[in-house]
Amino acid sequence: MAEKITVSVIKADVGGYVGHSSMHPDLIATAEASLGKAKKAGTLIDVHVTRVGDDIEFIMTHRHGTDATVVHELAWNIFVECTEVAKKLKLYGAGQDLLSDAFSGNVKGMGPGVAEMEFVERKAEPILIFMADKTSPGAWNYPVFKMFADPFNTAGLVIDPSMHDGFNFVVMDVMKNRRITFSCPEEMYDLLVLIGAPEYYIIQSVHRKSDNDICAVSSTQRLALIAGRYVGKDDPVLIVRAQSGLPAVGEVLEPFAFPHAVAGWMRGSHQGPLMPTSFDSANPSRFDGPPRVICAGFQLADGKLVGPRDMFDDPSFDHTRMMANYIADYLRRHGPFEPHRLPLEEMEYTTMPGVMEKLEDRFEKV
Ligand code: F6R
Ligand code: MG
Ligand code: MG
């Protein structure tokens, strides 16, 4: 059997520049130098360092499989190293996503976001890495559903015999730490009941039914649930394989032509449109947003990351960005009112408990 390759995307916010809007180039340079050494030493086959907003992202290929301590520890140590640089520059929120003082085998549950997949590289292997800032992992539910289950988005579901049977969706119940698999199209309506509540149920992975091959995987860590308090939004990542019996690159990108509403934005407490931008425009500034998504496209060549191509650097997404700005204006006019502000359950980690405690005695029974 052919040797499997692993793609690991591990990310964290270890310091913003300026505020939470973007990233200082010294952090990227630090990470590139250290990950470059790990590539020379043979721990990694290849690596690409990038960022979206204030999140630094390590895109790595290797042969250690998913959840490999050697890869997770490498990423953790470099986040710590970048934090030291951030502290020297007094960048904002230096080390904010590193919730623990010491590494303990796997970065999951320690603050950073992780998406990893292991597979046999095909004759040609196009992969798309989506990275978002100022939102949470449930933001992927809508686009991933569209890519793999909506025939109005993905023509291949109708036209390509190898996709016609559909896909399996693994959904994580983040509140109860359990998961369930749905077979689509047959169980599409059940799936939608859950994933339509993206703060509770998150699509973790998608698999082709005919051979159970992995097609997409997302980071499902929710920082607030790990830390038990508000510690910023989770700014998720998503890996999608494309073409030859999977959605085409254009079918994978198509859902993002609609800037759907996601939770996040200012103080992680507002609904806002998810705006697809080029790498250079991924600096959420207005009201610390609106939420951004970038997409780095690669062709894999024996694990080598040939790329990236800046997939949203395309005028055909100009209209989406304009629509996102209109939606941003519309929602901003609501100020502190729902549905711009998140519903009460989502405020549980911020102001709500304190305000209720203060007011408790002043409520009269009626
Ligand atoms: C959202 C985010 C920012 C901050 C906001 C307040 O994910 O990170 O919107 O919540 O800038 O930050 P502090 O409380 O650090 O001043
Ligand atoms: Mg931040
Ligand atoms: Mg961020």
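Annotation: of all residues in region 235-267 being out of contact with any helix residue (DSSP H, G or I) (no Cβ under 6 Å at 6 or more places or on another chain) and crowded, with 24+ Cβ neighbours inside 10 Å, the one that is farthest from residue 158 (Cα to Cα) is 265. Considered as a group, the residues in region 81-118 that are more than 16 Å from ligand 1 (Cβ to nearest atom) and touching a Lys or Arg at 6+ places or on another chain (Cβ under 6 Å) include one that is nearest to residue 6 (Cα to Cα), and that residue is 118. Only one of the listed residues (147, 163) is over 18 Å from residue 236 (Cα atoms) and either touching a residue at least 60 places away in the same chain (Cβ under 8 Å) or of a type in the set (Gly, Ala, Ser) (or both). That residue is 163. With respect to residue 9, determine if the residue is in contact with an Asp or Glu (Cβ under 7 Å, 6 or more places away or on another chain), over 18 Å from residue 284 (Cβ atoms) and within 16 Å of ligand 3 (Cβ to nearest atom). For residue 9, the condition - in contact with an Asp or Glu (Cβ under 7 Å, 6 or more places away or on another chain), over 18 Å from residue 284 (Cβ atoms) and within 16 Å of ligand 3 (Cβ to nearest atom) - is met.
Is one or more of the residues making up region 40-54 touching a strand residue (DSSP E or B) at 6+ places or on another chain (Cβ under 7 Å) and more than 23 Å from residue 127 (Cβ to Cβ)? The answer is yes; a qualifying residue exists. Checked against the criterion of being among the basic types (Lys, Arg), open to solvent by 30 Å² or more (accessible area, probe 1.4 Å) and in a loop (DSSP other than H, G, I, E, B), region 26-42 contains not a single residue that satisfies it. Tell me, yes or no, whether region 158-171 has at least one residue that is of a type in the set (Ser, Thr, Tyr), outside the structural domain of residue 13 (by TED's automatic domain parsing), open to solvent by less than 30 Å² (accessible area, probe 1.4 Å) and out of contact with any Lys or Arg (no Cβ under 6 Å at 6 or more places or on another chain). No, there is no match, as no residue in region 158-171 is of a type in the set (Ser, Thr, Tyr), outside the structural domain of residue 13 (by TED's automatic domain parsing), open to solvent by less than 30 Å² (accessible area, probe 1.4 Å) and out of contact with any Lys or Arg (no Cβ under 6 Å at 6 or more places or on another chain). Would you check which residues across region 220-243 are at pLDDT 95 or above and not β-branched (Val, Ile, Thr) and list them? Hits for region 220-243 are 236, 238, 241, 242, 243. Here the condition is being farther than 26 Å from residue 354 by Cα, surrounded by fewer than 24 Cβ atoms within 10 Å (Cβ to Cβ) and among the charged types (D, E, K, R); of 286, 222, 292, it holds for 286 alone. The single condition from (1) within 16 Å of ligand 1 (Cβ to nearest atom); (2) buried (at least 24 other Cβ atoms within 10 Å of the Cβ); (3) not in a strand (DSSP E or B) that residue 21 fails is (2). May I ask you to list the residues in region 121-145 that are outside any helix (DSSP H, G or I) and within 16 Å of ligand 1 (Cβ to nearest atom)? Once the filter is applied, which keeps residues that are outside any helix (DSSP H, G or I) and within 16 Å of ligand 1 (Cβ to nearest atom), region 121-145 yields 131, 132, 133, 134, 135, 136. Selection within region 78-110: residues that are of a type outside the set (Asp, Glu) and open to solvent by 80 Å² or more (accessible area, probe 1.4 Å). The member of this set that is farthest from the chain's Cα centre (by Cα) is 88. Is there a residue being within 16 Å of ligand 3 (Cβ to nearest atom), over 12 Å from residue 7 (Cα atoms) and assigned to a helix (DSSP H, G or I) anywhere in region 58-80? Yes, there is a match, as at least one residue in region 58-80 is within 16 Å of ligand 3 (Cβ to nearest atom), over 12 Å from residue 7 (Cα atoms) and assigned to a helix (DSSP H, G or I).
The values are calculated or read from the model by the stated rules, or taken from the named source; none is laboratory data. Because the structure is predicted, anything quoted here is derived from the model rather than measured. Positions of Cβ are generated from backbone atoms using ideal geometry, with glycine treated the same way; all protein chains shown enter the neighbour counts. With ligands, DNA and RNA removed, areas are computed over all heavy atoms of the protein, side chains included. Shrake-Rupley method; radii C 1.70, N 1.55, O 1.52, S 1.80 Å.
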